[in-house]
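What follows is a set of notes on a single structure, which appears directly below.
Each reported figure results from applying straightforward, stated rules to the coordinates on display, with no laboratory input. Since the structure is predicted, the reported quantities are computational estimates derived from the model, not experimental observations. Here the Cβ positions follow ideal geometry from the backbone for every residue, glycine too, while neighbour counts run over all protein chains shown.
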Amino acid sequence: MSVIIIPLATYTTKLWLLFALLLVLSHYRACFSIAGDTLSTGQPLSVKETIVSESGNFVLGFFRPGTSSKIYLGIWYNDFDVKDFVWVANRENPLSVASSSRLELSEDGNLLLLEGSSKTPFWSTNLALPLKNSTEAALGDDGNFVLRDSSNQNTIFWESFDHPTDTWLPGAKLGIDKITGKSKQLISWKNSNDPAPGMFSFGLDSDRSSQLILEWNRSQEYWSSGFWDGKYFSIFPEMGNNKISNFIFVSNENESYFTYSISNSSFRSKFIMNSSGEIQQLAWLTGPSVWNPLLSQPTELSDVFSLCGAFGVCHENSPSPCECLEFFEPFSIEDTRVDDWSGGCVRKNPLQCGKEDEFMQIKNVKLPANAKEYTAVNGWNCEVFCLNNCSCTAYAYNNSGCMIWEGALLNLQQLSYDGGQHIYIKIAGDQHQSTKGNKWKVWVIVAVLVPATGLVLCLFSIWFLRRKLKRKGEEVSSNDLLSFDFNTELHAINDGTNTKENLKKMGKKDVELPLFSYESVSAATKNFSAANKLGEGGFGPVYKGKLLRGQEIAIKMLSKGSGQGFEEFRNETILIAKLQHRNLVRLLGCCVEQDEKILIYEYMPNKSLDFYIFDPIKKKMLDWDARIRIIEGIAQGILYLHQHSRLRIIHRDLKPSNILLDSEMNPKISDFGLARIVGGNDTQANTHRIVGTYGYMSPEYAMEGLYSIKSDVFSFGVLLLEIVSGKKNTGFNKNESLNLLIYVCCFYTPTSSLCSSLFNLNT
């Protein structure tokens with residue numbers, strides 16, 4: 001018998017290699033081991049393991065949000081590229097040690113979240129249950145994590161749907177338990193790196209009526225849906241009836257709540273209370289990680305109560321809406337870097353409570369909340385009272401009298417248009433020492449300049465009055481819309497012909513946008529009669545007008561109930577007046593008197609493009625030559641806006657109703673109220689205010705607020721499909737969930753699971 005002798009060193013080496021291989025394999029298995037959809041007694045879930053629902057819709061496991069090192073137990077969608085969390089268990093008490101963290105079922109049947117050898121749970125279902133060996137936890141395909149009796153799975157002891165975080169999934173309830181008085185509501189994350197409860201919440205209002213509300217700090221209401229009538233919400237009907245979700249309201253002696261279902265099982269939808277104070281409904285229609293916004297309320301971030309926290313000021317229509325007042329600084333710079341202003345701002349120097357303190361004036365603001373009235377005969381008396389009151393932090397004096405604020409200032413907003421009020425913020429006096437030291441210099445300069453300025457003004461007034469009397473007749477005529485001749489007085493300037501002669505004849509003023517009196521505009525439309533009304537858009541009603549020389553014009557008024565306002569009006573007057581192209585509607589003039597804001601355009605006799613392409617009879621008037629000419633004209637107009645105009649313009653609202661047709665059916669792009677200017681070399685910008693028309697928005701703009709010249713190209717693509725097909729992008733098929741883009745996509749990829757679930761293209 002032969003004996004093989006293995007050297008001891010070789011044998012030891014092989015043992016070490018085998019041990020290392022087993023260690024690697026065990027680590028590989030631990031990292032990727034997936035439990036079923038249930039958790040049983042004696043089988044704890046470690047941080048390297050997950051539970052997946054039966055059909056694979058949702059995953060339960062441990063995670064670290066963003067750049068945080070803290071560990072949480074939560075639920076997220078399984079088939080998304082990035083973890084999209086819908087529920088967090090220990091949002092107020094995170095774990096810190098990954099190696100020893102675990103979820104397990106205790107002997108009394110409760111779920112416990114433990115770390116290390118400690119017996120004190122970081123989170124627990126905390127139910128007074130009898131000992132049950134058959135208790136198990138299971139994750140459902142609806143995203144509901146339940147604690148149940150395994151021998152009778154219909155017996156539910158606890159469920160995550162009763163304890164929502166920031167996400168409302170179909171089938172879950174938002175409401176009030178009338179027995180315990182507890183509220184089931186959504187509470188925002190503190191910020192993107194911290195699931196801890198934030199300042200904003202969404203749920204049923206506290207008096208148990210059938211309306212949903214948004215609140216700051218679970219106390220200050222700043223938005224409501226209106227009452228539910230069984231089909232619609234009275235203030236915001238879009239939430240209750242948007243063709244995807246079906247709302248149900250239940251009220252009995254035990255509870256009152258809302259729940260909802262999805263009309264098409266192939267879609268996904270969720271409501272999320274985000275950390276910026278908005279409630280959003282999102283729908284997942286195609287592809288992984290693609291959420292389409294269905295609604296967002298409130299529509300303006302400035303309508304969110306105390307968005308910028310204490311002593312923070314909110315700026316309308318700004319990519320970074322929050323900043324601290326002068327002489328204040330952020331409470332937490334780290335939080336503000338992730339747009340978390342819940343901590344607000346704090347003083348750089350404390351108040352001295354006395355005459356040493358001073359006041360800083362902030363002009364044109366929406367005054368903060370929680371003001372107190374004080375009887376004062378004038379502004380000086382109001383200021384003295386606030387200065388002598390150590391609790392007073394600010395005051396304002398206006399037609400309503402004296403108002404003072406004590407403690408932190410909340411919901412202070414800087415307005416972008418006139419109409420706000422002035423507020424005086426108390427600050428430490430030593431912060432203005434440098435200003436005090438220079439006051440005597442200011443008085444010397446004033447003493448010298450005032451007499452000299454007075455003499456110059458007297459001489460100028462004499463010259464001005466003589467000039468005014470000379471041109472009085474001309475000015476009255478230029479303000480009269482009825483007698484104005486656009487063809488002769490503007491044609492030469494717009495076309496660039498006879499420039500010197502026209503400038504000499506008309507003067508520099510006429511080169512700018514003409515301003516007309518409200519009286520003459522009213523006369524041109526026969527007092528805005530119903531017979532002259534052409535239609536009504538988002539800006540307001542549009543009327544047909546006629547001048548004395550027979551020229552027809554279109555007059556667009558800003559409606560007081562319009563969702564658009566001064567910003568859109570200013571956009572139109574600034575942008576279109578500087579743009580000249582045959583495929584852009586020409587702005588002829590405007591009228592601004594008191595609260596009236598009116599724009600005057602060239603008249604388009606053939607209305608808008610949607611009047612033809614979506615009408616089964618009128619669309620026959622557009623043969624293929626006409627449609628090709630319209631498509632080419634729109635493309636030329638967009639190319640001019642993006643590349644050849646003096647300003648690079650992104651329209652942001654291209655759609656058939658904004659394409660007008662002249663007497664020869666030539667297209668002209670209109671409605672620049674939502675347009676934006678980008679730098680000469682820039683092609684992309686960002687906004688927190690998503691405006692426009694769903695169905696024509698590019699995904700990156702609708703989801704992230706990123707808009708660029710590509711956004712207009714996307715809208716043009718949708719418009720092109722509508723012109724060619726004669727069908728609207730949304731609602732063209734009996735299947736309400738189908739839009740034209742999905743239809744075209746599925747036409748070329750009919751075998752995809754989504755397309756198969758929507759319709760059978762072979763038929």
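On a 21 Å Cα-Cα criterion, which of the cross-link pairs Lys526/Lys546; Lys83/Lys182; Lys243/Lys728; Lys182/Lys270; Lys526/Lys618; Lys70/Lys182 come out too long? In this structure, Lys83/Lys182; Lys182/Lys270; Lys526/Lys618; Lys70/Lys182 lie more than 21 Å apart at Cα. Amide H contacts of Asn292 (H built 1.01 Å from N, in plane; Pro and chain starts excluded): Ala283, Trp284, Leu285 sit under 5 Å, all sequence-distant by 5 or more or on other chains. Once Rh is set to the Kirkwood radius over Cα pairs, what Stokes-Einstein translational diffusion coefficient, in µm²/s, holds for the stretch 312-431 at a temperature of 25 °C and a viscosity of 0.890 mPa s? Answer, rounded: 164 µm²/s. Phi angles of the stretch 140-157 translate, via the Karplus equation with coefficients 6.51, -1.76, 1.60 and θ = phi - 60°, into HN-Hα couplings of x, 6, 8, x, 8, 9, 10, 10, 9, 8, 5, 7, 9, 5, 7, 8, 9, 8 Hz per residue; Gly and Pro are given as x.
Taking Lys and Arg as +1 and Asp and Glu as -1, the other residues whose beta-carbon sits under 15 Å from that of Thr67 total 0.
Given a cut-off of under 8 Å on Cα pairs at least six residues apart, what relative contact order in percent is computed for the stretch 170-299?
Details: 287 pairs, mean separation 28.2, N = 130.
Over the stretch 170-299, the number comes to 22 percent.
Backbone amide hydrogens, once placed in the peptide plane, bring Trp189 within less than 5 Å of Gly198, Ser275, excluding anything fewer than 5 places away on its chain.
In percent, rounded to a whole number, the relative contact order of the stretch 606-729 is 29, using alpha-carbon pairs under 8 Å and six or more apart. Amide hydrogen proximity for Gly309: with H placed 1.01 Å from N in the peptide plane, the residues at 5 or more positions away or on another chain lying under 5 Å are Asn411. For the stretch 606-729, the fraction of alpha-carbon pairs lying more than 25 Å apart is 23 percent, rounded to a whole number. In plain terms, the chain from His422 to Asp625 could stretch by 67.1 nm, reckoned as 0.36 nm per residue minus the Cα-Cα distance.
Its Kirkwood hydrodynamic radius, worked out from the mean inverse distance over all distinct Cα pairs, puts the stretch 170-299 at 15.2 Å.
Using the Karplus relation 6.51 cos²θ - 1.76 cosθ + 1.60 with θ = phi - 60°, the per-residue 3J(HN,Hα) values for the stretch 718-723 come to 5, 4, 4, 4, 5, 5 Hz, with x marking Gly and Pro. Each residue of the stretch 58-72 was assigned a 3J(HN,Hα) from its phi angle through the Karplus curve 6.51 cos²θ - 1.76 cosθ + 1.60 (θ = phi - 60°); the sequence is 10, 10, 10, x, 9, 7, 10, x, x, 9, 6, 9, 7, 10, 10 Hz, with glycine and proline shown as x. Shown here: the stretch 24-163, whose C-alpha atoms stretch 40, 35, 33 Å along the first, second and third principal axes, sorted largest to smallest.
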